[in-house]
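Before any comments, here is the structure.
The values are calculated or read from the model by the stated rules, or taken from the named source; none is laboratory data. Keep in mind that this is a model prediction, so the values were computed, not measured. Cβ placement follows ideal geometry from the backbone for every residue including glycine, while neighbour counts extend to all protein chains displayed. When the accessible area is computed, the model is the full protein with side chains, heavy atoms only, and any ligands, DNA or RNA have been set aside. Shrake-Rupley method; radii C 1.70, N 1.55, O 1.52, S 1.80 Å.
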Amino acid sequence: MLHVSDLHLNPAAWGVIRTVVENFHIDVVVDTGDITDWGSEPEKAFVASIALLKVPYVYIRGNHDSPVTEAAVAAQPNAIVLDNKVVNVAGLTIAGIGDPRFTPDKGQEPAGEGQSKATLERVIGIGDRLADTIGRQPGDMVDLALVHDPTSAGPLAGYAPVVLAGHLHHREVRKLGDDETMLMVQGSTGGAGLRGLEGDKPTPLTMSVLYFDDNRMLMAYDDITVGGTGLAEVALSRHVVEDPSTSPAAQPGHRPAPSLPAHVKKGTFLYA
């Protein structure tokens, strides 16, 4: 599975995504939001590249994505838009919910920064809503839960083994709750768009390939980093996930620990 996020209208992202989909034999792409910058009508054309990927594309709305954006994504033949829904795609059960805000201009809407109590309550609240939806599903827990802002992830601890998010424009991986749930925050697959050029160095384009075993447990993931505008370096860093049987969550009733293939090794690889 390929995790992308925060493309922010950067056309360079699509070429990298297509290359990874083809060369890593990706079964499904998951996008945790902010595919556009302003959610405007002209930006609808940007999402047409989704159809060129030829694999399922699971998407949730970010705070830069309007209902117009969401509808444009949903119109793509291989796209699946989640907003408090659970679906089965490529052998995985995935739950997702869109961001409750539409705040493309932080200067005009400072509450969009998440600083006000009311905004924080809304952002955390959608995590509660998705947890309730997951809890009402029959059978085993879902394999993945998707939110845009990691602030929404807290209520999902214990409801999914892996939660994916974006929004921050830098990577984070940490545990939620009693170490039962791994939160994986993606950087910006679009190099933060135009704002990625505001610093001393351009923001890199980032994405991650996640590998699951036959029990739908996460075994390992590759973090792929492509140099920002004007840079050509590509880095791939492979991470092997800790054996769940050694964690406090490994109690009777939990899924078996994944068996890691011999070819999956830790390491960092650089390409010019």
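On the range 36-112, 58 percent of the accessible area sits on carbon and sulfur atoms, based on a 1.4 Å probe.
Each peptide in 15-26, 141-152 receives the mean, over its residues, of other Cβ atoms within 10 Å, and ordering these scores from highest gives 141-152, 15-26. Under the criterion of Cα pairs below 8 Å and six or more residues apart, the relative contact order for the range 1-42 equals 61 percent.
Determine the sum of side-chain charges near Gln76: Lys and Arg each +1, Asp and Glu each -1, restricted to other residues whose C-beta is under 13 angstrom from that of Gln76. Walk me through the numbers on the way to the answer.
Working: positive: Lys44, Lys54; negative: Asp31, Glu70.
Once positives and negatives cancel, what remains is 0.
Each peptide in 3-11, 63-71, 29-37 receives the mean, over its residues, of other Cβ atoms within 10 Å, and ordering these scores from highest gives 29-37, 3-11, 63-71.
With a sphere of radius 15 Å drawn around the Cβ of Val55, what net charge do the other residues whose Cβ falls strictly inside it have (Lys, Arg +1; Asp, Glu -1)?
Working: positive: Arg18, Lys54; negative: Glu22, Asp27, Asp31.
Every neighbour counted, the sum reads -1.
Met184 sits among other residues whose Cβ lies under 10 Å from its own Cβ, and their net charge, with Lys and Arg +1 and Asp and Glu -1, is 0. Across all C-alpha atoms in the range 137-185, the radius of gyration and Dmax reach 10.4, 35 Å.
When the residues Trp38, Trp14 are ordered by accessible surface, computed with a 1.4 Å probe over the protein chains alone, the sequence from largest down reads Trp38, Trp14. Residues Tyr59, Tyr159, Tyr221, ordered by accessible area of protein heavy atoms at a 1.4 angstrom probe radius and largest first, appear as Tyr159, Tyr221, Tyr59. A 1.4 Å probe run over the range 59-179, with the rest of the protein chains in place, finds 43 Å² accessible per residue.
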